[in-house]
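The values are calculated or read from the model by the stated rules, or taken from the named source; none is laboratory data. What you are looking at is a predicted structure, and each value in this text was computed from that prediction instead of being measured. Here the Cβ positions follow ideal geometry from the backbone for every residue, glycine too, while neighbour counts run over all protein chains shown.
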Ligand SMILES: [Zn+2]
């Protein structure tokens, strides 16, 4: 079939392939290295099981390949004292986090000293960078959960700050041309008996909501 004769079913296939969601990943099981090595050496010791030469046995070559892959290096930080362990994205990330925690501790200690409080029973915050105690899937699952929690905390904090900043905004006063009264954005009506602008009466803040007048 030449390229000029692409029929409609081929086009339909292409369109279908482009609009389809990706296929789900094949299920993967995690096996300890020691167990995988034991299975491999057991197979190698019993070539009759392979039925054919070990060099062409698929199971043997898959295991050999998997075991030859470099070890995935994952890092965590361990806070001595509370004994908490947190997964990190990389060693650099772990070192940065450990340094920040250390500095945070030093600052708290310095603040205590500045307030004239005793630091006699103060324990310096020690955070170590250590290889991860979790296998990769678990490591990243915990990391993802912590990152999502952190994100939610930040959003909540941002909303709190936005709500606090709200009173800083002004209250819009709109003058009714017929009556001369002002309708305020916060739902009140004000009549200035002598007319004129609120500023002429020394009014800069809304009597009803306390915000700065925007007229
Ligand atoms: Zn108001």
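Got at least one residue in the stretch 130-138 being touching a residue at least 40 places away in the same chain (Cβ under 8 Å), away from the ligand (no atom under 16 Å from the Cβ), in the same structural domain as residue 93 (by TED's automatic domain parsing) and part of a helix (DSSP H, G or I)?
yes
So for the stretch 99-110 (the condition being in contact with a helix residue (DSSP H, G or I) (Cβ under 7 Å, 6 or more places away or on another chain) and more than 20 Å from residue 75 (Cβ to Cβ)), does at least one residue qualify?
no
For the stretch 15-36, give me each residue that is part of a helix (DSSP H, G or I) and over 20 Å from residue 67 (Cβ atoms).
15, 16, 17, 18, 19
Can you tell me which residue within the stretch 72-94, out of those that are assigned to a loop (DSSP other than H, G, I, E, B) and touching a helix residue (DSSP H, G or I) at 6+ places or on another chain (Cβ under 6 Å), is surrounded by the most Cβ atoms within 10 Å (Cβ to Cβ)?
74
Which residues, counting only those in the stretch 160-192, are surrounded by 14 or more Cβ atoms within 10 Å (Cβ to Cβ) and within 11 Å of the ligand (Cβ to nearest atom)?
Correct list: 170, 171, 172, 173, 182, 183, 184, 185, 186, 188, 190.
Against the definition (assigned by TED's automatic domain parsing to the domain that holds residue 197 and touching a strand residue (DSSP E or B) at 6+ places or on another chain (Cβ under 9 Å)), how does residue 172 come out, yes or no?
Yes.
When the stretch 109-132 is examined, which residues are found to be under 27 Å from residue 143 (Cα atoms) and at pLDDT 90 or above?
127, 128, 129, 130, 131, 132
Specify the residue that is modelled with the lowest pLDDT; the eligible residues are those in the stretch 193-206 that are surrounded by 13 or more Cβ atoms within 10 Å (Cβ to Cβ) and part of a loop (DSSP other than H, G, I, E, B).
197
In the stretch 193-215, what residues are without any contact (Cβ under 8 Å) to a residue 24 or more places away in the chain and more than 9 Å from the ligand (Cβ to nearest atom)?
Once the filter is applied, which keeps residues that are without any contact (Cβ under 8 Å) to a residue 24 or more places away in the chain and more than 9 Å from the ligand (Cβ to nearest atom), the stretch 193-215 yields 193, 194, 195, 196, 197, 199, 200, 201, 202, 203, 204.
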